[in-house]
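Visitor: Sharing a structure here in structure tokens format.
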Amino acid sequence: MPDKKSKMLKATQGLKNAMGRHYLAIEQAYRDGKPTAWATSGCPVELLYAMDVQPMLPENSATISAAQKYSKNFIELAEQEGFSYDMCSYFKTNVGAVMEDVDVYKGGIKKPTFMLSSDVICDTHSHWFQVQAERFGGVPHYMIDVPHVVSNVNKRQLNYFKNYVEEQMWELLEFIEEHTGNEIDMEKAREVAANSYELSKVWRDIYELRKNVPSPISTKDTFGGLFPLFTMPGLKSPINLYKRMYREAKVRVDNGQGALENEEFRLMFEGIPFWYQLKYFAMLERFNAIIVYEPYTFAFSKFFSNPFEEFSKERLLRDPIECMSTLMLSFWYIFDLETRVKWFKQTIKDWKIDGVILHNNVSCRPNTTTFYDLKHRLGKEADIPCLIIDSDQNDPRKFNEVQVTNQIESFIEILRKRKKM
């Protein structure tokens, strides 16, 4: 079978510069004595920028370790320290990388001024930072407790949840001031929030272009493109990068050009990618299949991935703290099965999806808990084939290459037969 590859947007190559600027900013912060903070995904990183604190995200650092083929060694070092084989591979990668004191380009990350975690996505996050705070000899750690909103929560309960989280947000600002001496500047908070909103909006617009047949972009653009949403929300520079990506993708749409020549099968991929084996997404392209939607990468456009309520820029500028609090209650990975099924069915329709691949990620319970029920419901209610792949986001020992290859080939054959019916 001839080798077929999707065409990455030229603008996507600018991500290397964005990543470089982020790491240079971290290095500069340590040289200048500027406060630094570890933060988990789902936390309001914007507030750190608003209070002149340099954010660092260990989850992102762990993906770099995996992509550079270092994660296995770091994970095994953590297991030698007594951490279980079954624990989160991001966590163990971080433990090993800190033990080895590697640089940022291998996934290293330094001791911060303080740590900020939440249980909005994963209960491991708070325990992870608690462990690392102790291993560093005592680092201040603030954890935001976020109730999970399920489909039958009434308005009174939801308002209680909002007030509960917002109260913690104001306590967080006091915590940051106590440990850094920096006070919140509400005008800067509004500016940072507005930048974050704009970044999310352009990312949403990029995803809208993927509705077109053929799709103008592939995972080569979106997996890496997630980086600024994750680490740099609130800054202006990534907005320009996303706008360049959008304009280039729009030209492809206008010219009827797809990222993949001869697009035949349009897929959704749900889950965290296996960062050490991204070549398997290129394998799909050999069969004229392309992934046109990933809930994981879209979820971080948080102002536009909320099925419960809309966020206007005006509302955000009026009260950024209230909005950031409400956003934490509406992150994609705290939704219940009913909400996910409804969202998936609509997305499958809008993006003209032929099949769904679900990554049953050993390291991420919140992401994968409902997958078998989800597969059953989508098959029954949307008549959509689903493939479940068992693997891990960062631990290559849990990736069975032969099994995954066979699964993908069989899945494509199912899709091909359905096309002929």
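Visitor: Could you tell me which residue of segment 389-421 is surrounded by the fewest Cβ atoms within 10 Å (Cβ to Cβ), considering only residues that are touching a residue at least 12 places away in the same chain (Cβ under 8 Å) and hydrophobic (A, V, I, L, M, F, W, C)?
Guide: ILE414
Residues are listed down the side, and each one gets a yes or a no for (1) among the polar types (S, T, N, Q); (2) at pLDDT below 90; (3) surrounded by 18 or more Cβ atoms within 10 Å (Cβ to Cβ):
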site	(1), (2), (3)
TYR296	no, no, yes
GLU309	no, yes, no
SER363	yes, no, yes
TYR372	no, no, no
LYS380	no, no, no
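Visitor: If you go through segment 157-175 one residue at a time, do you hit one that is more than 14 Å from GLU322 (Cβ to Cβ), assigned by TED's automatic domain parsing to the domain that holds ALA37, in contact (Cβ under 8 Å) with a residue 60 or more places away in the chain and not aromatic (Phe, Trp, Tyr)?
Guide: Keep residues of segment 157-175 that are more than 14 Å from GLU322 (Cβ to Cβ), which gives 157, 160, 171, 174-175.
Imposing the further condition that a residue be assigned by TED's automatic domain parsing to the domain that holds ALA37 reduces the set to 157, 160, 171, 174-175.
Adding the requirement that they be in contact (Cβ under 8 Å) with a residue 60 or more places away in the chain leaves 175.
Filter again for not aromatic (Phe, Trp, Tyr), leaving none.
Within segment 157-175, not a single residue is more than 14 Å from GLU322 (Cβ to Cβ), assigned by TED's automatic domain parsing to the domain that holds ALA37, in contact (Cβ under 8 Å) with a residue 60 or more places away in the chain and not aromatic (Phe, Trp, Tyr).
Visitor: Tally up the residues in segment 315-336 that are of a type in the set (Val, Ile, Thr) and more than 17 Å from the chain's Cα centre (by Cα), please. Reasoning before the result, please.
Guide: Pass one, segment 315-336, residues of a type in the set (Val, Ile, Thr): 321, 326, 334.
Now drop any that are not more than 17 Å from the chain's Cα centre (by Cα), which leaves 321, 326.
Adding up the residues that qualify gives 2.
Visitor: Taking THR63 as the residue in question, decide whether it is β-branched (Val, Ile, Thr), in contact with a Gly (Cβ under 9 Å, 6 or more places away or on another chain) and not assigned by TED's automatic domain parsing to the domain that holds ASN195.
Guide: Details: β-branched (Val, Ile, Thr): yes; in contact with a Gly (Cβ under 9 Å, 6 or more places away or on another chain): yes; not assigned by TED's automatic domain parsing to the domain that holds ASN195: yes.
For THR63, the condition - β-branched (Val, Ile, Thr), in contact with a Gly (Cβ under 9 Å, 6 or more places away or on another chain) and not assigned by TED's automatic domain parsing to the domain that holds ASN195 - is met.
Visitor: Go through the residues of segment 112-123 one by one and say whether even a single one is within 20 Å of TRP275 (Cα to Cα), over 19 Å from the mean Cα position of the chain (by Cα) and among the aliphatic types (A, V, I, L, M). Write out each step before concluding.
Guide: Of the residues in segment 112-123, the ones within 20 Å of TRP275 (Cα to Cα) are 121-122.
After this cut, where a residue has to be over 19 Å from the mean Cα position of the chain (by Cα) as well, the list is none.
No - not one qualifying residue is present in segment 112-123.
Visitor: Restricting to helices (runs of 4 or more DSSP H) lying wholly in segment 1-87: which have 2 or more residues that are within 19 Å of the chain's Cα centre (by Cα) and modelled with pLDDT of 95 or more? So that I can check it myself, show each step before the final result.
Guide: Numbers: elements: 15-32, 45-50, 58-67, 71-80.
Those helices (runs of 4 or more DSSP H) span 45-50, 58-67.
Visitor: Can I ask one more? Only one of ASP390, ASP373 is under 29 Å from MET87 (Cβ atoms), touching a helix residue (DSSP H, G or I) at 6+ places or on another chain (Cβ under 9 Å), part of a helix (DSSP H, G or I) and among the charged types (D, E, K, R). Can you tell me which?
Guide: Details: ASP390 fails: part of a helix (DSSP H, G or I).
None of the others qualify; the one that does is ASP373.
Visitor: Another question about this same structure. Restricting to segment 237-281, count the residues that are surrounded by fewer than 16 Cβ atoms within 10 Å (Cβ to Cβ), under 21 Å from LYS352 (Cβ atoms) and touching a residue at least 60 places away in the same chain (Cβ under 8 Å).
Guide: 3
Visitor: Take residues that are within 29 Å of LYS417 (Cβ to Cβ) and tell me which of the helices (runs of 4 or more DSSP H) falling wholly in segment 265-367 contain 2 or more.
Guide: Working: elements: 279-285, 295-299, 313-318, 320-328, 337-350.
Where helices (runs of 4 or more DSSP H) fall fully within segment 265-367 and carry at least 2 residues being within 29 Å of LYS417 (Cβ to Cβ), they are 279-285, 295-299, 337-350.
Visitor: Turning to a different aspect of this structure: Which residues, counting only those in segment 52-73, are of a type outside the set (A, V, I, L, M) and closer than 25 Å to PHE281 by Cα?
Guide: Restricting attention to segment 52-73, the residues satisfying the condition of being of a type outside the set (A, V, I, L, M) are 52, 54-55, 58-61, 63, 65, 68-73.
Scanning segment 52-73 gives PRO58, GLU59, ASN60, SER61, THR63, SER65, GLN68, LYS69, TYR70, SER71, LYS72, ASN73.
Visitor: Considering ASP123, ASP101, which residue is on the phi > 0 side of the Ramachandran plot and loosely packed, with under 14 Cβ neighbours inside 10 Å? Give the steps one after another, and end with the answer.
Guide: On the way: ASP123 fails: on the phi > 0 side of the Ramachandran plot.
It is ASP101.
Visitor: Go through (1) touching a residue at least 60 places away in the same chain (Cβ under 8 Å); (2) over 23 Å from GLY234 (Cα atoms) for ASN73 and report which single condition fails.
Guide: So ASN73 meets the others, but not (1).
Visitor: Suppose we filter ARG377, ARG416, ARG397 for residues that are under 24 Å from SER218 (Cα atoms) and over 22 Å from the mean Cα position of the chain (by Cα); which single one remains?
Guide: Among ARG377, ARG416, ARG397, only ARG416 is under 24 Å from SER218 (Cα atoms) and over 22 Å from the mean Cα position of the chain (by Cα).
Visitor: Still on this structure, please answer the following. Any idea which of ALA194, ALA189 is among the aliphatic types (A, V, I, L, M), crowded, with 19+ Cβ neighbours inside 10 Å and in contact (Cβ under 8 Å) with a residue 60 or more places away in the chain? If you could, list the steps in order and put the result at the bottom.
Guide: On the way: ALA194 fails: crowded, with 19+ Cβ neighbours inside 10 Å.
Of ALA194, ALA189, the one residue that is among the aliphatic types (A, V, I, L, M), crowded, with 19+ Cβ neighbours inside 10 Å and in contact (Cβ under 8 Å) with a residue 60 or more places away in the chain is ALA189.
Visitor: Pairs needed: first member in segment 225-236, more than 12 Å from PHE298 (Cα to Cα); second member anywhere, in a loop (DSSP other than H, G, I, E, B); C-beta distance under 6 Å; at least 6 residues apart or different chains.
Guide: Matching pairs, first to second residue: THR231/LEU57.
Visitor: Within segment 332-388, can you find the residues that are β-branched (Val, Ile, Thr), farther than 22 Å from ASN306 by Cβ and in contact (Cβ under 8 Å) with a residue 60 or more places away in the chain?
Guide: Just the residues of segment 332-388 that are β-branched (Val, Ile, Thr), to begin with: 334, 339, 341, 347-348, 353, 356-357, 362, 368-370, 384, 388.
Next, from what is left, pick out any that are farther than 22 Å from ASN306 by Cβ: 357, 362, 384, 388.
Correct list: ILE357, VAL362.
The values are calculated or read from the model by the stated rules, or taken from the named source; none is laboratory data. What you see is a predicted model, and the numbers here were worked out from it, not measured in a lab. Note that we place each Cβ from the backbone using ideal geometry, even for glycine, and neighbour counts take in every protein chain shown.
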